[in-house]
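So the structure is just underneath, and the comments pick up after that.
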Amino acid sequence: MLKCDMVCRRYDVAEESLKSFTRSKVRTKVLLCLKNGSMNTGDLEKEMGIRNTTILHAIKELTGSGLVTKVDKGYGLTNLGMMQAHILTEMIDFVLALEEHRDFWQSHDISGIPIELLKNIGMLAQSEVIKDDLEAPLRSLEYFVEEMMRSKEIRGVSPIIAPGFSDAIADPVKRGATIELILTRQVLDSTIKSHEVLLKKLLEHPNFHLYSISEPVKVAFTVTESLLNLGLYRLDGSYDVGRDLVCVSDSAVQWGLSLFDHFKRKSEVIYKI
C-alpha cells in the first residue's frame, strides 16, 4: 500500500473530528478560554464579547462531546478538552507563523530544518523579518552584531562568512559570555586562514566552544538567552545575506536550541588549531 494512500485512509477516519476542531468559532473560543482555568458564563461573555445564550449553547455541545464539564466555579475542560485546547493553540500559532511571513518561508530553502522542527514552526509566531533596504543596506548584519554584543549566552551555526562576524564573537567571549559555535569545515578552514591567531586565543577561554561539521548546512542561525536570529538560503542556492527572521520569545529560544542540538550531535569538537 502506498504511503499517501495510507495517510488518505487515516484522514477519512479522522475527518469529522478534524473538522469539529474549528467548525464553530464560539466552541473554539470557549475551549481556548477554559485552557487556563475554569470560568463561569459571565466571565466567558466578557472575555469573548459574545452573548451568554450563544455561549451556553456552545457549552452544551462541548459537554455532550466530553470536552467541557460543570465545576464549582462554572465550567472547566475535561482531559480530552484540555488536550484539544493545546492542539488548537499550536495550530493557531502554526498558521500565524506561516501567514505573517509567508514570502520568507515560500522563497527560501527550508530543507536544512528537521521535519520535527518544521512541525513546530508555530513556536516562532512572535517574529519579524529584518531586511536590508536602500537607507540601511546592512541593517540585518548590524542588528545581528548589536544583539551579540549584549548577549550572555550565544549558540550559533554558520555555513557562511559574514563581515564583522569574528569581532561579534570575540568581544562577547572576552567579557565572559558563554559561546558555542558550529562552523562548516569550509568556513572553519577559511576562518583559520584569516583569523588563526584570534581563534587560538579564543580557544584558550573556557567559555568558548568551537565545533566543526562536515556535512552541508543550509541554515545559518544564532540563538541567545532571549532571541533567535534565523537566516536561510534562497531557492537558487545563494545565501540571503539581507534578510533574517528574528524571533523574540521563550518558545523561539527553545526551538532554536533544539535546532542547535540537532547540528551539534553531528559535529566534532575543535580543541586546538
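The values are calculated or read from the model by the stated rules, or taken from the named source; none is laboratory data. Small disclaimer: the values here were computed from a predicted structure and weren't measured. Cβ: placed from backbone, ideal geometry, glycine included. Neighbour counts: every protein chain shown. Ligands, DNA and RNA are excluded from the accessible area calculation, which covers all protein heavy atoms including side chains. Shrake-Rupley method; radii C 1.70, N 1.55, O 1.52, S 1.80 Å.
Table: residues versus (1) more than 20 Å from Arg102 (Cα to Cα); (2) of a type in the set (Val, Ile, Thr).
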{"residue": "Leu203", "(1), (2)": "yes, no"}
{"residue": "Phe208", "(1), (2)": "yes, no"}
{"residue": "Pro216", "(1), (2)": "yes, no"}
{"residue": "Val223", "(1), (2)": "yes, yes"}
{"residue": "Asp236", "(1), (2)": "no, no"}
{"residue": "Ser258", "(1), (2)": "yes, no"}
{"residue": "Ile273", "(1), (2)": "yes, yes"}
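For segment 19-57, which residues satisfy the criterion of being hydroxyl-bearing (Ser, Thr, Tyr) and either farther than 21 Å from Gly76 by Cβ or open to solvent by 80 Å² or more (accessible area, probe 1.4 Å) (or both)?
Thr22, Thr53
Say whether the condition of being open to solvent by 50 Å² or more (accessible area, probe 1.4 Å) and in contact (Cβ under 8 Å) with a residue 12 or more places away in the chain is met by at least one residue in segment 9-18.
Scanning segment 9-18 turns up no residue that is open to solvent by 50 Å² or more (accessible area, probe 1.4 Å) and in contact (Cβ under 8 Å) with a residue 12 or more places away in the chain.
Kindly state which helices (runs of 4 or more DSSP H) lie completely within segment 1-73 and contain at least 2 residues that are aliphatic (A, V, I, L, M) and over 29 Å from the mean Cα position of the chain (by Cα).
Once the helices (runs of 4 or more DSSP H) in segment 1-73 are filtered for at least 2 residues that are aliphatic (A, V, I, L, M) and over 29 Å from the mean Cα position of the chain (by Cα), what remains is 3-22, 52-64.
Looking only at segment 167-209, which residues are part of a helix (DSSP H, G or I), of a type outside the set (Lys, Arg) and over 18 Å from Glu268 (Cβ atoms)?
Asp167, Ala168, Ile169, Ala170, Asp171, Pro172, Val173, Ser194, His195, Glu196, Val197, Leu198
Can you tell me which of Lys266, Lys272 is in a loop (DSSP other than H, G, I, E, B), within 23 Å of the chain's Cα centre (by Cα) and either modelled with pLDDT of 95 or more or over 22 Å from Ile113 (Cβ atoms) (or both)?
Being in a loop (DSSP other than H, G, I, E, B), within 23 Å of the chain's Cα centre (by Cα) and either modelled with pLDDT of 95 or more or over 22 Å from Ile113 (Cβ atoms) (or both) holds for just one of Lys266, Lys272, which is Lys266.
Quick check on Val241: is it farther than 22 Å from Ala97 by Cβ, among the β-branched types (Val, Ile, Thr) and surrounded by fewer than 19 Cβ atoms within 10 Å (Cβ to Cβ)? Step through it out loud before you land on a result.
Numbers: farther than 22 Å from Ala97 by Cβ: yes; among the β-branched types (Val, Ile, Thr): yes; surrounded by fewer than 19 Cβ atoms within 10 Å (Cβ to Cβ): yes.
In short, yes.
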